[in-house]
1. Quick one: count up the residues across the range A:173-199 that are among the aliphatic types (A, V, I, L, M) and in a helix (DSSP H, G or I).
2. Which one of these does residue B:25 not meet: (1) more than 10 Å from every other protein chain (Cβ to nearest Cβ); (2) at pLDDT below 95; (3) not in a loop (DSSP other than H, G, I, E, B)?
3. Does the range B:189-207 hold any residues that are within 14 Å of chain A (Cβ to nearest Cβ) and surrounded by fewer than 24 Cβ atoms within 10 Å (Cβ to Cβ), and which are they?
4. Does residue B:161 satisfy the criteria of being out of contact with any Cys (no Cβ under 7 Å at 6 or more places or on another chain), at the interface with chain A (Cβ under 10 Å from one of its Cβ atoms), surrounded by fewer than 23 Cβ atoms within 10 Å (Cβ to Cβ) and part of a loop (DSSP other than H, G, I, E, B)?
5. Residue under question is residue B:58, and the condition is that it be within 13 Å of chain A (Cβ to nearest Cβ), surrounded by 20 or more Cβ atoms within 10 Å (Cβ to Cβ) and not in a strand (DSSP E or B); does it hold?
6. Hey, can you tell me all the residues within the range A:201-228 that are hydrophobic (A, V, I, L, M, F, W, C), in contact with a strand residue (DSSP E or B) (Cβ under 7 Å, 6 or more places away or on another chain), outside any strand (DSSP E or B) and over 20 Å from residue A:124 (Cβ atoms)?
7. Could you please let me know if residue A:229 is surrounded by 21 or more Cβ atoms within 10 Å (Cβ to Cβ), closer than 20 Å to residue A:134 by Cβ and touching a Pro at 6+ places or on another chain (Cβ under 9 Å)?
8. Out of the range A:198-222, which residues are closer than 21 Å to residue A:49 by Cα and either under 12 Å from the mean Cα position of the chain (by Cα) or crowded, with 22+ Cβ neighbours inside 10 Å (or both)?
Amino acid sequence: MLKIRIIPSLLLKEGRCVKGIRFTSFRDTGNPVTAARIYDAQGADELLFIDILASKENRKTLFDIVSRTAEECFMPLCVGGGIKDTDDIRKLLLAGADKISINTAAIENPKFINKAAEIFGNQCIVVSIDVKKSGAGQHSVIGSDSEYEVFSHCGTKPTGLDPVQWAKQVVEQGAGEILLTSIDQEGTRTGYDLDLLKAVADAVEVPVIASGGVGSLQDFVDGIKKGHASAVSAGSIFHFTDQSIIKARTYLAEAGINVRSRELR
Amino acid sequence: MVSTESNGKIKMIGIIDYGMGNLRSVAKALELLGADVTVTADLSELSTAEKLVLPGVGAFGDGMKNLHSLGLVDFLGTEVLTNKKPLIGICLGMQLLAKEGFERGHHTGLGWIDASVRKFDFSGHHGGNANQVLKVPHVGWNDVKFTDGEQNLNSIFNGLKDGVSFYFVHSYHMICQDKSDVAAICNYGYDFTAAVHRDNIFGTQFHPEKSQDAGLKVLENYINLKI
């Protein structure tokens, strides 16, 4: 049976890991390749690298980190952050990435998703959707007393898009997976936004990776059982607390969730 | 550790570069395991390799188109079917071993395994949680059951326990006409072919180079095969 994936997320800035709260106040949390090695040793199911600076000047640093990680960690790598064209995608795949996450570029030009999926295969293309509760957005289908809106440019620009409608659209354009982040919850360690997660996960036929807000191992369980996520991603809980991938795996298994066993024989 | 030949040389593995996807991880994994690796589309270089790897990520039609345009179809046919050189296909590479594929049209494959490649189709099947639709692509770690039948010294799964998990990421899967070609099955809505083995031809739908220890064991077994 297909297992639920536990995916540590590493935000990158100028070659270092960083972590923040609600997409601001970033602090340095170490060397990305070292962190990747540790997660690999602990049996993380996949790694997620997001370059938050994402400038053209910085591109080489990102390729270098991906390349060095791929040389030592024989596990799936998803990489995102400022990816704008198929050339970027090709270079990252050649450097060792397995999947590419696109966000702002997809909003600015949805046809880019089609193009990327056609060239590289839709299983390579993850569309990342960052969502905030916003009074300025369209009324969403999720709850009558709250409105959700998709934000671009690292959570700074409102788009007027409803996350469920946008999720359906990107899947139609060829996205193989969705990485859904609640900006409001991100870094707060108070849990995923389960209403948002469930609404999107139930609306699309591709896997949805939950992101933003994990503070306890129970949050992973809720993300799967209540939020219907196919995979759970987290940053702060692994960087700033004593929770680890190993503990997460045990906790999820005890909650009756299908996670990978690491025994080989 | 990789076992060496009696004269001390480590076997040369040729990874076929036909422009489809990430070859670096496969190369690095094999190097880590002690093999001498070359990544190339050059026919004379590939002909000196002891064993071949056909990796691949992408669409069936594009894969075959590239193999044809590089003159690899006939070359590999001779190397693998006539000269009996071992070859392992990974992901798309395994799918191309089939007679035909139905991804974005109807395409002819290498035809070395009597099989066709079709998209996951769950109509008429009950998948997983009754409340949840099974998502496509099939992405993530899933366990495989070995079906290589006889006590097989040439199995790429030697030393691994039945039910071990590997990393899959695909929307299409191979359907074999001859069940004896199936070396392992995986379940996603229904049982599908996770690995094939016919004489010197091997294939894995999953990515051994992305499946941590379990995957490295498969690659190590491939390097050490005596065919």
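1. Here is the first cut: in the range A:173-199, the residues among the aliphatic types (A, V, I, L, M) are A:175, A:178-180, A:183, A:194, A:196-197, A:199.
With the extra rule that they be in a helix (DSSP H, G or I), the set shrinks to A:194, A:196-197, A:199.
Within the range A:173-199, residues that are among the aliphatic types (A, V, I, L, M) and in a helix (DSSP H, G or I) number 4.
2. It fails just one condition, (1).
3. B:189, B:190, B:191, B:192
4. Working: out of contact with any Cys (no Cβ under 7 Å at 6 or more places or on another chain): yes; at the interface with chain A (Cβ under 10 Å from one of its Cβ atoms): yes; surrounded by fewer than 23 Cβ atoms within 10 Å (Cβ to Cβ): yes; part of a loop (DSSP other than H, G, I, E, B): yes.
Yes; evaluated as a whole, the condition is true for this residue.
5. Details: within 13 Å of chain A (Cβ to nearest Cβ): yes; surrounded by 20 or more Cβ atoms within 10 Å (Cβ to Cβ): yes; not in a strand (DSSP E or B): yes.
So residue B:58 passes the test.
6. Pass one, the range A:201-228, residues hydrophobic (A, V, I, L, M, F, W, C): A:201, A:203-204, A:206, A:208-210, A:214, A:217, A:220-221, A:224.
Checking which are in contact with a strand residue (DSSP E or B) (Cβ under 7 Å, 6 or more places away or on another chain) leaves us with A:201, A:204, A:206, A:208-210, A:214, A:220, A:224.
Okay, now just the ones that are also outside any strand (DSSP E or B), so A:201, A:204, A:206, A:214, A:220, A:224.
Answer for the range A:201-228, where residues must be hydrophobic (A, V, I, L, M, F, W, C), in contact with a strand residue (DSSP E or B) (Cβ under 7 Å, 6 or more places away or on another chain), outside any strand (DSSP E or B) and over 20 Å from residue A:124 (Cβ atoms): A:201, A:214, A:220, A:224.
7. Working: surrounded by 21 or more Cβ atoms within 10 Å (Cβ to Cβ): yes; closer than 20 Å to residue A:134 by Cβ: no; touching a Pro at 6+ places or on another chain (Cβ under 9 Å): yes.
It is false that residue A:229 is surrounded by 21 or more Cβ atoms within 10 Å (Cβ to Cβ), closer than 20 Å to residue A:134 by Cβ and touching a Pro at 6+ places or on another chain (Cβ under 9 Å).
8. A:206, A:207, A:208, A:209, A:210, A:211, A:212, A:213, A:214, A:220, listed by residue number.
The values are calculated or read from the model by the stated rules, or taken from the named source; none is laboratory data. Keep in mind that this is a model prediction, so the values were computed, not measured. Methodologically, a virtual Cβ is constructed for each residue, glycine included, from the backbone with ideal geometry; neighbour enumeration extends over all protein chains shown.
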